[in-house]
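Below is one structure; the comments refer to it alone.
The values are calculated or read from the model by the stated rules, or taken from the named source; none is laboratory data. From a predicted model like this one, the values you see are computed outputs, not experimental measurements. Cβ placement follows ideal geometry from the backbone for every residue including glycine, while neighbour counts extend to all protein chains displayed.
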Amino acid sequence: MLDDLLALGDRVVASAKPGEQIEAIVVNEIETEVRVFDGGVESFTSATSQGIGIRVINDQRQGFAWAGSLDPDVIDATLGEARDNATFGSIDPNLDLAEPDGVEMAELVLYDESVNNFATDAKIALALELEAMTKDRDPRVMLVESVDFADSVGHAAVVTTKGIRIGGQDSGCYITAAVIAGGGEDTQVGFGYSVDRDPNKLDLEYASQTAVERSTRLLGAIKPQTERLTVVLDPMVTAQFLGIIGSTLSGEAMLKGRSLFADRLGDNVAAATITLVDDPTNPLAFTASEADGEGLATRRNVLIDQGRLDKFVHNSYTGRRLNTASTGNAVRGFSSTPGVGTIALSLIPGERSQADLIADIDNGVLIQGVSGLHSGVNTISGDFSTGADGLRIRNGELAEPLREFTIGSTLQRMLLDVIEVGGDIEWLPSSAAGLSLVVGDITLSGA
Amino acid sequence: MIDQALLEKTLTTATRRGGEFAEIFVEDRQSSGALLDDDRIEELTSGRSRGAGIRVLVGDSTGFAHTADLTESGLLAAAKAAADAARDGTGGVTTVDLSTQTVASPSPISVYPDTVAKQRKVELLNLANDAARGIGGAISQVSVGYGDVRRRIQIANSDGLLTGDDQVKTRFSVSCVANGDAGMQTGRESIGHTMGFELFDQYDVTELARKAAQRAVTKLLARPAPSGAVTTVIGKGGGGVLFHEACGHGLEADHVAKQSTVFAGRVGELVASPMVTLIDDGTMAHEWGAFAVDDEGRPAQRNVLIEDGVLIDFMWDELRARAEGRSSSGNGRRQSYMHLPMVRMTNTYIANGDTDPGDIIADTDSGIFVAQLGGGQVNTVNGDFVFGMTEAYLIENGEITEPIREGNLIGNGPEVLTSIDALGNDFEMGSPGTCGKDGQGVPVGDGTPTLRVRALTVGGTAA
């Protein structure tokens with residue numbers, strides 16, 4: 001498969017005219033998804049999707065086109081469109097494809113053959129087993145709303161006229177359970193999952209237990225009074241915030257005056273306990289990858305070192321514009337030009353468990369989940385407020401559940417207000433790892 | 001797109017292992033976009049995606065397969081895969097005879113965007129950029145986006161239905177950053193309609209750009225938003241997001257079937273203030289969520305969901321409607337041929353009230369006025385929802401005063417619906433939106449007149 005994709009890329013790139021730069025990204029993905037409900041299969045989806053994206057740079061102008069098909073006539077038409085589009089772009093002497101930079105690719109094993117060998121019946125059986133064990137786990141479970149098993153095998157190649165020619169393959173699978181607990185006036189929903197590259201290693205017990213615990217422990221939740229206090233962010237919540245902070249450290253945001261940290265390199269922008277690393281070469285990360293979207297080797301980048309802002313991430317364009325180099329952070333699918341972004345973020349973990357962190361807090365809230373984060377954070381001004389639910393922390397212990405409130409601050413203040421980083425690092429099915437995070441002086445808005 | 005004989009053969013193959021319903025959905029989507037950022041035409045892009053999704057229903061199970069290969073062998077392979085996935089195995093052959101049903105589009109197109117010179121699109125971007133920057137020195141960055149999409153769909157099913165639609169949408173947006181003593185603020189405006197390039201005969205992009213820029217500049221003076229429960233007046237237009245989240249999702253029949261909504265079992269009950277009439281209408285000409293037929297081939301409908309506060313009906317797709325022995329309400333939609341259809345909203349709005357909007361403000365001693373809303377999210381199981389406010393002001397002694405900074409508003413759907421105590425007579429549709437559900441995004445519209453909610457919780461940072 002990979003050879004086929006590379007060959008398609010070669011064919012496109014070989015048709016470059018004198019003075020023309022061409023980059024082709026070619027992708028193939030095979031996915032299955034099983035959803036079970038009430039002891040039966042609700043839906044089963046099997047699908048292959050393919051696509052190509054072609055970027056053309058000519059006379060210092062750039063154009064792009066993509067297609068969800070690898071048919072030769074479609075590819076030819078796509079190249080023609082990209083060439084035509086390039087004639088309308090602004091002239092920019094900094095436009096160029098990535099130059100090979102000699103950084104060696106990490107050797108990562110991101111593909112597990114077992115995904116291919118896992119029979120359809122086994123996928124269904126796994127989902128049914130998770131549903132059954134979740135239903136019986138706790139009498140307060142009213143309904144297992146859905147259990148999903150999904151797997152994918154992806155292949156991607158990037159070929160350019162600069163001599164870049166790389167391909168990669170990865171596999172992944174996950175299983176999730178969504179539980180509704182309670183009944184009548186008081187119902188709460190909880191979500192649990194397990195993710196791995198090998199379906200045989202999925203942890204159903206963990207997924208089931210998480211979903212049930214997260215739904216049942218919110219039963220009876222009340223709306224809290226407005227106050228300022230210390231919060232502990234659950235790992236899944238921390239991961240979402242890290243993703244947002246990562247987006248403010250993009251070289252593109254810096255270049256275009258859209259980063260609230262634009263002039264802060266070298267400054268202490270976070271508490272000293274914060275060391276933020278983007279490391280796609282860590283195979284534990286769900287989004288680990290050997291190459292970035294322009295075909296350069298990914299690498300470990302320390303963005304914030306013990307509170308000091310050390311680095312923005314770049315693709316080749318933003319690196320060139322800002323007199324630095326790509327950090328291997330071009331991010332894209334086949335339907336877009338390379339953007340800039342973090343790929344696999346994590347904080348360097350602390351020492352202590354969530355329970356130990358909570359034990360130190362007299363009055364606070366454990367934030368179990370947030371909602372509306374996409375509409376509640378302005379990554380340019382830094383203002384944020386997001387809907388949340390969770391549990392009161394009183395005298396070092398978890399107490400009553402809380403709902404229908406928001407937490408708010410600014411990203412700038414929040415980073416400085418971090419009190420402690422937990423030791424409970426979790427590699428989630430997202431581009432950031434989670435761990436418990438204690439943050440002081442957050443405004444909780446409720447009644 | 002695909003000829004009738006091949007569609008019939010595909011459906012026959014899909015039902016070869018039994019199954020009470022099979023469907024093929026064919027889609028050909030062409031899109032183009034242009035982006036100006038940082039004073040440069042950064043890129044023009046073109047995209048093409050074409051394929052078919054085939055599903056087979058057997059009992060409570062759905063088998064689904066999709067393919068980008070629209071040849072006979074590609075379609076038949078997908079049909080077999082969908083049939084195998086539905087896993088009935090009782091066999092039997094269903095012969096399918098299709099009869100064509102044509103539904104007129106509520107949104108006829110005057111100027112297909114692919115007939116417009118690309119240079120014309122570039123000119124619009126430059127005009128908007130110049131207008132936004134013309135607002136003054138505080139504007140430090142401007143990005144302008146243009147996009148169009150033409151989506152041709154064809155649907156055939158084992159009930160004999162053969163129909164299709166040709167949907168064209170055009171949109172334009174301007175995002176500005178203003179820089180002041182207290183940091184940066186942003187302003188955004190967007191327009192989008194189910195129409196062609198004639199969109200720009202109706203809207204002046206320079207006016208749109210100035211509005212976005214002015215919004216960013218105004219917010220430079222914004223002070224931290226209050227925290228806690230406050231009386232909230234929501235301006236006309238984009239306030240529809242409130243209802244989309246507060247009750248729209250909760251009225252989708254798939255949630256009802258699983259009892260995962262607070263509105264299950266409440267048809268005929270008073271669920272909202274008697275002022276509230278909530279309508280979902282896929283037939284609204286040229287609105288962002290309009291179409292001739294939905295993605296299951298059912299004609300778009302105007303569905304009254306809540307009338308004078310009383311819950312009238314839910315929204316239905318084919319699957320849920322079949323289970324209940326009723327007909328679909330034309331709300332079966334999907335992101336693309338690669339996705340299964342689900343119950344989705346179209347254009348969701350609150351009908352006009354009879355109060356002058358100025359009187360609503362004047363009658364409010366203290367509270368906030370939200371002029372523009374951002375996106376939102378709802379937990380349908382307990383009704384708690386949030387949505388962002390991207391332009392808001394304090395109301396003091398019956399007057400709109402200072403701007404306040406961005407934040408989320410939070411409430412509980414059933415509670416908020418009953419605590420609407422004023423409804424204006426200035427109905428307007430809001431900006432084009434994309435509604436996300438279960439990983440699929442579809443275009444939706446929403447709208448409201450000015451309205452007041454007795455109390456919503458504002459997630460500000462001011463103590």
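Where strands (runs of 3 or more DSSP E) sit wholly within region B:358-463, those with at least 2 residues that are closer than 30 Å to A:Phe191 by Cα occupy B:366-378, B:384-396, B:407-412, B:433-437, B:440-448, B:451-459.
Put simply, of A:Leu416, A:Leu428 the only residue that is out of contact with any strand residue (DSSP E or B) (no Cβ under 6 Å at 6 or more places or on another chain) and of a type outside the set (Asp, Glu) is A:Leu416.
Just checking, does region A:273-295 include any residue being β-branched (Val, Ile, Thr) and either farther than 26 Å from A:Gly423 by Cβ or buried (at least 24 other Cβ atoms within 10 Å of the Cβ) (or both)? No, there is no match, as no residue in region A:273-295 is β-branched (Val, Ile, Thr) and either farther than 26 Å from A:Gly423 by Cβ or buried (at least 24 other Cβ atoms within 10 Å of the Cβ) (or both). Scanning region A:7-22 for residues that are surrounded by 12 or more Cβ atoms within 10 Å (Cβ to Cβ) and either free of Cβ contacts under 8 Å to residues at least 12 places away in the same chain or touching a Gly at 6+ places or on another chain (Cβ under 8 Å) (or both) returns a single hit, A:Ala7.
Only one residue in B:Ala264, B:Ala290 is farther than 30 Å from B:Glu198 by Cα, hydrophobic (A, V, I, L, M, F, W, C) and outside the structural domain of B:Phe197 (by TED's automatic domain parsing). Which one?
Details: B:Ala290 fails: farther than 30 Å from B:Glu198 by Cα.
Answer to the check: B:Ala264.
Within region B:24-49, the set of residues being free of Cβ contacts under 8 Å to residues at least 60 places away in the same chain, in contact with a strand residue (DSSP E or B) (Cβ under 7 Å, 6 or more places away or on another chain) and basic (Lys, Arg) comprises just one member, B:Arg48.
Filter region A:90-105 down to residues that are farther than 30 Å from B:Gln119 by Cβ and either of a type in the set (D, E, K, R) or outside any loop (DSSP other than H, G, I, E, B) (or both) and give me whichever is farthest from the other protein chains (Cβ to nearest Cβ). Explain how you work it out, then say what you get.
Within region A:90-105, the subset farther than 30 Å from B:Gln119 by Cβ is A:99-105.
After this cut, where a residue has to be either of a type in the set (D, E, K, R) or outside any loop (DSSP other than H, G, I, E, B) (or both) as well, the list is A:99, A:101, A:104.
Details: A:Glu99: 20, A:Asp101: 24, A:Glu104: 31 Å.
That would be A:Glu104.
For B:Asn397, the requirement of being touching a Ser or Thr at 6+ places or on another chain (Cβ under 8 Å), of a type outside the set (D, E, K, R) and in the same structural domain as B:Gly248 (by TED's automatic domain parsing) is met.
Which of the residues belonging to region A:297-344 are part of a strand (DSSP E or B) and either charged (D, E, K, R) or not assigned by TED's automatic domain parsing to the domain that holds A:Leu416 (or both)? Spell out how you get there, then give the answer.
Quick first cut of region A:297-344, residues part of a strand (DSSP E or B) only: A:297, A:301-305, A:308-309, A:313, A:330-331, A:339-340.
A:Asp305, A:Arg308, listed by residue number.
With respect to A:Thr78, determine if the residue is of a type in the set (Val, Ile, Thr) and more than 30 Å from A:Phe286 (Cα to Cα). Here the answer is yes, as A:Thr78 does meet what is asked. Would it be correct to say that A:Gln240 is of a type in the set (S, T, N, Q), outside any loop (DSSP other than H, G, I, E, B), touching a strand residue (DSSP E or B) at 6+ places or on another chain (Cβ under 7 Å) and within 30 Å of A:Asp417 (Cα to Cα)? Answer is yes for this residue.
Taking the condition closer than 28 Å to A:Ala67 by Cβ, at pLDDT below 95, part of a helix (DSSP H, G or I) and of a type outside the set (D, E, K, R), does B:Ala83 pass? When the stated conditions are applied, B:Ala83 does not pass them. Looking at region A:1-89, the strands (runs of 3 or more DSSP E) lying wholly inside it that each contain 2 or more residues that are under 30 Å from A:Glu145 (Cβ atoms) and in contact with a helix residue (DSSP H, G or I) (Cβ under 6 Å, 6 or more places away or on another chain) sit at A:21-37, A:40-58. Here A:Ser353 fulfils each of the conditions (1) within 25 Å of A:Phe191 (Cα to Cα); (2) at pLDDT below 95 apart from (2).
Within region B:15-23, identify whether any single residue is touching a residue at least 12 places away in the same chain (Cβ under 8 Å), aromatic (Phe, Trp, Tyr) and over 21 Å from B:Lys169 (Cα atoms), and answer yes or no. Yes - at least one qualifying residue is present in region B:15-23.
When A:Gly390, A:Gly364, A:Gly408, A:Gly440 are checked against the criterion of being over 22 Å from A:Ala262 (Cβ atoms), at the interface with another protein chain (Cβ under 8 Å from one of its Cβ atoms) and assigned to a strand (DSSP E or B), a single residue qualifies: A:Gly408. If the Cβ limit is 8 Å and pairs must be 6+ apart or interchain, which residue in region A:198-209 that is within 16 Å of A:Ala119 (Cβ to Cβ) pairs with which residue that is β-branched (Val, Ile, Thr) and at pLDDT 95 or above? Pairs found: A:Leu202/A:Ile175.
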